[in-house]
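The values are calculated or read from the model by the stated rules, or taken from the named source; none is laboratory data. These figures come from a predicted structure and were not determined experimentally. A quick note on method: Cβ atoms are made from the backbone with ideal geometry, for glycine too, and the neighbour counts reach across all protein chains shown.
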Amino acid sequence: MEVKGRVFKYGNDVDTDVIIPARYLNTTSEKELASHCMEDIDPGFIKNVKAGDVIVAEDNFGCGSSREHAPLAIKACGVSLVIANSFARIFYRNSINIGLPILECPEAVAAISSGDTVSCDLGKGVIKNETTGKTFKAEPFPPFIQEIIADGGLIKHIALSNKNKT
């Protein structure tokens with residue numbers, strides 16, 4: 001799977017409360033969650049993000065509460081990939097569960113700026129900063145996790161697997 005988009009870059013410790021503020025957690029509507037994504041850290045984000053865009057962040061992205069709403073809001077607003085130095089453990093797993101591609105690559109994070117265009121071959125873990133021409137290598141997920149992400153998340157993957165058994 002390949003993705004390409006413009007970068008929105010953030011620093012360390014971007015927690016789930018700024019990814020999707022708690023005041024919006026009374027909905028399960030993906031569209032509603034997306035409409036408030038990142039508004040407390042970047043009020044212009046939702047007006048400027050386009051399908052395929054990429055979030056790049058430093059350390060501990062997705063820290064804080066264990067809400068699945070955070071990666072869901074990011075995915076629902078069209079973000080195709082999050083690249084960070086590191087992810088909070090629960091955000092990492094929730095991203096896989098809802099089918100949001102994520103990669104850890106400190107070298108890429110250090111060399112990518114907000115507004116750059118980035119492409120990525122998720123299967124190979126190859127990240128290219130199209131703006132500068134620099135290429136980076138992240139550790140890709142194993143094939144079975146890539147399948148979960150490609151299927152749209154764990155629940156959809158299980159449904160597809162069960163459908164294929166009959």
Tell me the strands (runs of 3 or more DSSP E) entirely within the range 86-154 that contain at least 2 residues that are of a type in the set (Asp, Glu) and either out of contact with any strand residue (DSSP E or B) (no Cβ under 8 Å at 6 or more places or on another chain) or without any contact (Cβ under 8 Å) to a residue 40 or more places away in the chain (or both).
none
Does Gly78 count as of a type outside the set (D, E, K, R), surrounded by fewer than 16 Cβ atoms within 10 Å (Cβ to Cβ) and closer than 17 Å to Gly11 by Cα?
no
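Each row is one residue, and each column tells you yes or no for (1) buried (at least 16 other Cβ atoms within 10 Å of the Cβ); (2) among the aromatic types (Phe, Trp, Tyr); (3) at negative phi.
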position	(1), (2), (3)
Glu39	yes, no, yes
Gly64	yes, no, no
Phe91	yes, yes, yes
Ile102	yes, no, yes
Ala108	yes, no, yes
Ser114	no, no, yes
Taking the criterion of being among the hydrophobic types (A, V, I, L, M, F, W, C), modelled with pLDDT of 95 or more, within 24 Å of Pro143 (Cα to Cα) and touching a Lys or Arg at 6+ places or on another chain (Cβ under 9 Å), would at least one residue in the range 23-37 satisfy it?
no
Which residue is nearest to the chain's Cα centre (by Cα), if the candidates are limited to the range 35-70 and must be of a type in the set (S, T, N, Q) and in a loop (DSSP other than H, G, I, E, B)?
Asn60
Whether any residue in the range 31-54 is under 21 Å from Ile90 (Cα atoms), among the charged types (D, E, K, R) and in contact (Cβ under 8 Å) with a residue 24 or more places away in the chain is what I want to check.
no
